[in-house]
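Visitor: Please read through the structure below; I'll follow up with questions.
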Amino acid sequence: MTRRTGNPLGFALALASTATLVTGLAIPRAMAKSTAHDGIALSNSYAGNSWRQQMLKMWKEASHQAISGGIVAKTKIVNADNSASQQESQIEDLILEGWKAIVIDAASPTALNGVIAKACHAGIVVVAFDSLVTAPCAYKVAYNYVHMGQIEARFVAKSLRDKGNVLEVRGIAGTSVDTDIHKGIVETFRKYPKMKIVGSVHGDWTQSIAQKAVAGVLPSLPHIEAVVTQGGDGYGTYEAFMAAGRGTPLIIFGNRQVELSLWAKLDKKPGGYHTISLSSAPGVSSIAFWVAQQILAGAKVPKVVNVPLLQIHANQLQSWLKVLPQGAVATPLYSQTWTERLIAANLHHTAPPASPGPETLH
């Protein structure tokens, strides 16, 4: 992901100030707690796909700017190779190292609860994002993944006039993200009796794994009109259909550059190509970073900070493609100022601030 040269949300101003929000109003710097000597660590369960790699880049970008601006002192990233036990052990180490805040993208909703409780008891701020945890003491930066599944299923049903065979490509088994998106898809399709999920595979949010999984199941499936995915599976799914000599179904894409480029290519054919692309944005890691910083600074922050999904429609496709390098995932880098506004919106139950779009990137 390329960096911005300008930021309409005033990131530079945010770096010059440690102002925080309480009930949506900025506290003067003199009233805020300084976080200049604090450290915020990231415990990441998995780094094996483009979304997670982009997420780590966004964390590094946000933390680098915060350290350069004197807002925090240090950061650290540990990756657990999709092992809950390894992630638990790594969090134990972070506790012993004395980090003031630990941000977690979890391998399991429940397996880390014990070590998270231990961190909270030690006075450490714990913030979970993306793949969440159920530990009561942890703050959560949350996408409504059930809603994501609902959006996909409704779009497919409407596009197919409420009748057709659907293949579901799921994410990593056992994660809250996979469970919630699947729930939204299944619950929505129940409202359309002629929409049938005729196959389901786990693509692990990775193109190569999705391609192999879809290729393995296709010979046993009838004609497929549409494929619902969880982000990062669309291009691999398309390649599997092409290799099998099957027609191109409606595939829901997940904001990867390779998927958006494929969409643009397919759209040039007679009749175009009708779909949408949606996903959580990898830049959510920068939101989680700033939420942790705001809590350390004494801001009033709800236990759950809801974040809007990033949806890309046909009229936005070319704008995103212009700014996305090969292999990237569409995402803004969210600033401290934007995160403060998001926190205020969650406190007051108002609409979230508009997400920075492709025009903020170069």
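The values are calculated or read from the model by the stated rules, or taken from the named source; none is laboratory data. If you're wondering where the values come from, they're calculated on a predicted model, not measured in any experiment. Virtual Cβ from ideal backbone geometry, glycine too; neighbours counted across all protein chains shown. To get the accessible areas, we keep the full protein, side chains included, count just its heavy atoms, and leave off ligands, DNA and RNA. Shrake-Rupley method; radii C 1.70, N 1.55, O 1.52, S 1.80 Å.
Visitor: Would you compute, from DSSP H runs of 4+ residues alone, the mean residue ellipticity of the chain at 222 nm, taking -39500 (n - 2.57) per run and dividing by the full residue count, rounded to the nearest 500?
Guide: -12000 deg cm²/dmol
Visitor: Which aspartates and glutamates, if any, have their Cα less than 13 Å from the Cα of residue 300, not counting same-chain residues under 8 positions apart?
Guide: 340
Visitor: Roll a 1.4 Å probe over the protein chains and send me the accessible area per residue for the range 84-134 in Å².
Guide: With the other protein chains kept in place, the range 84-134 gives 37 Å² per residue.
Visitor: Relative to the longest principal axis of the C-alpha atoms of the chain, give the angle of the C-alpha long axis of helix 234-243, reported between 0 and 90° and rounded to the nearest 10°.
Guide: With rounding to tens, the tilt is 20 degrees.
Visitor: Then there's this: Determine the gain in length on full extension of the stretch residue 85-residue 163; use 0.36 nm per residue of separation and subtract their C-alpha separation, reporting nm with one decimal.
Guide: Length gained between residue 85 and residue 163: 23.7 nm.
Visitor: FRET efficiency for residue 96 and residue 73, Cβ-Cβ distance as r, R0 = 22 Å, nearest 0.05?
Guide: Given R0 = 22 Å and the Cβ-Cβ separation, E is 0.75.
Visitor: Between the range 32-77 and the range 292-338, how many Å separate their Cα centres?
Guide: Here the answer is 15 Å between Cα centres.
Visitor: On full extension of the chain, what length is gained from residue 314 through residue 34, given 0.36 nm per residue of separation minus the C-alpha to C-alpha distance?
Guide: Roughly 96.3 nm would be gained on extension.
Visitor: Round to a whole number: what % of the accessible area of the chain belongs to carbon and sulfur, probe 1.4 Å?
Guide: In the chain, the share of accessible area belonging to carbon and sulfur is 54 percent.
Visitor: Can I ask one more? In the chain, what % of DSSP beta bridges are antiparallel (nearest 5)?
Guide: Bridges in the chain that DSSP calls antiparallel: roughly 15 percent.
Visitor: So, one more: When we measure straight from the Cα of residue 57, which lysines land under 18 angstrom away, once same-chain ones fewer than 8 places off are left out?
Guide: 74, 76
Visitor: Let me ask something else. Pull out a ≥ b ≥ c, the square roots of the eigenvalues of the alpha-carbon gyration tensor of the range 206-290, then state rounded if a/c is under 1.5, prolate if not and a/b is larger than b/c, and oblate in the remaining case.
Guide: Note, shape of the range 206-290 comes out oblate.
Visitor: Expressed as an acute angle from 0 to 90° and rounded to the nearest 10, what is the orientation of the C-alpha long axis of helix 176-189 relative to the principal long axis of the chain?
Guide: With both axes taken from Cα atoms, the answer is about 40 degrees.
Visitor: Based on the Cα atoms of the chain, what semi-axes does the equivalent ellipsoid have, where each is the square root of 5 times one gyration tensor eigenvalue, given in whole Å with the largest first?
Guide: Over the Cα atoms of the chain, the ellipsoid semi-axes are 37, 22, 18 Å.
Visitor: Right, another one. Can you tally the net charge around residue 91? Count Lys and Arg as +1, Asp and Glu as -1, for every other residue whose Cβ sits under 15 Å from the Cβ of residue 91.
Guide: Net of charged neighbours comes to -3.
Visitor: Sticking with this structure for a sec: With a 10 Å radius around each residue's Cβ, average the other Cβ atoms per peptide and rank 297-305, 274-282, 215-223, highest first.
Guide: Packing order, densest peptide first, comes out as 274-282, 297-305, 215-223.
Visitor: I'd like the distance separating the alpha-carbon centroids of the range 164-183 and the range 199-270, in whole Å.
Guide: Taking the Cα centre of the range 199-270 as reference, the centre of the range 164-183 is 14 Å away.
Visitor: Moving on to the next point. Please enumerate, by chain and number, the aspartates and glutamates with C-alpha under 12 Å from the C-alpha of residue 163, excluding those fewer than 8 residues away in the same chain.
Guide: Output for residue 163: 225.
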